[in-house]
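Heads up: the structure comes next, in structure tokens.
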């Protein structure tokens, strides 16, 4: 019995140190800034990405991803949206320019306090990745097909 308890203790300690080493080391200043910015966030998951800290979380049951720089400054925020959640000016511009396209993969991106929307538009002949400003200006970021 004693051997079993010792074995279990060794396994638990080994597993906990393994999991601890898999977690990225995030600067406590960044974590503090995040907790101040998003105090109601749930299911928080951190990743270290080159010079950035990426954090994915739920905010009001919506998936959000944020990137902080090494100075603990929030530089980019992204979340998936439904078509009907887009501003009316964006919907109007997309409907005029791509009336027969299936629109999906919609992401709202806030970078350096500027908002843009990334939208995939698919027609029978082509698939485009679009960048749309809140005022409705559309540019093609990439031709996928």
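Across the stretch 69-76, not a single residue is classified as at pLDDT 95 or above, in a helix (DSSP H, G or I) and in contact with a strand residue (DSSP E or B) (Cβ under 8 Å, 6 or more places away or on another chain). Summed over the stretch 88-107, the residues that are farther than 16 Å from residue 126 by Cα and in contact with a strand residue (DSSP E or B) (Cβ under 7 Å, 6 or more places away or on another chain) give a count of 4. May I ask you to verify whether residue 51 is without any contact (Cβ under 8 Å) to a residue 24 or more places away in the chain and either surrounded by 11 or more Cβ atoms within 10 Å (Cβ to Cβ) or out of contact with any helix residue (DSSP H, G or I) (no Cβ under 9 Å at 6 or more places or on another chain) (or both)? For residue 51, the condition - without any contact (Cβ under 8 Å) to a residue 24 or more places away in the chain and either surrounded by 11 or more Cβ atoms within 10 Å (Cβ to Cβ) or out of contact with any helix residue (DSSP H, G or I) (no Cβ under 9 Å at 6 or more places or on another chain) (or both) - is met.
Strands (runs of 3 or more DSSP E) fully within the stretch 83-145 that include at least 2 residues being within 23 Å of residue 62 (Cβ to Cβ): 102-111, 114-122, 127-132.
Of the listed requirements (1) modelled with pLDDT of 95 or more; (2) out of contact with any strand residue (DSSP E or B) (no Cβ under 6 Å at 6 or more places or on another chain); (3) closer than 20 Å to residue 141 by Cβ, residue 112 misses just one: (1).
When the residues of the stretch 131-145 are filtered to those that are touching a helix residue (DSSP H, G or I) at 6+ places or on another chain (Cβ under 9 Å) and within 17 Å of residue 85 (Cα to Cα), which remaining residue is surrounded by the most Cβ atoms within 10 Å (Cβ to Cβ)? By that ranking, first place goes to 132. Every condition in (1) surrounded by 12 or more Cβ atoms within 10 Å (Cβ to Cβ); (2) farther than 30 Å from residue 28 by Cα; (3) touching a helix residue (DSSP H, G or I) at 6+ places or on another chain (Cβ under 8 Å) holds for residue 128 except the one numbered (3).
Of all the residues in the stretch 39-48, those that are surrounded by 10 or more Cβ atoms within 10 Å (Cβ to Cβ) and either in contact (Cβ under 8 Å) with a residue 40 or more places away in the chain or out of contact with any strand residue (DSSP E or B) (no Cβ under 7 Å at 6 or more places or on another chain) (or both) number 1.
Is it the case, given these coordinates, that residue 83 is farther than 21 Å from residue 30 by Cα and crowded, with 16+ Cβ neighbours inside 10 Å? For residue 83, the condition - farther than 21 Å from residue 30 by Cα and crowded, with 16+ Cβ neighbours inside 10 Å - is not met.
Whenever a residue of the stretch 101-118 is farther than 11 Å from residue 81 by Cβ, it has no partner that is part of a strand (DSSP E or B) and modelled with pLDDT under 95 lying with C-beta atoms less than 8 angstrom away and at least six residues away or across chains.
The values are calculated or read from the model by the stated rules, or taken from the named source; none is laboratory data. Since this is a predicted model, take the numbers as computed values, not measurements. Because the Cβ atoms are built from the backbone with ideal geometry, glycine has one as well, and the counts that use them run over all protein chains shown.
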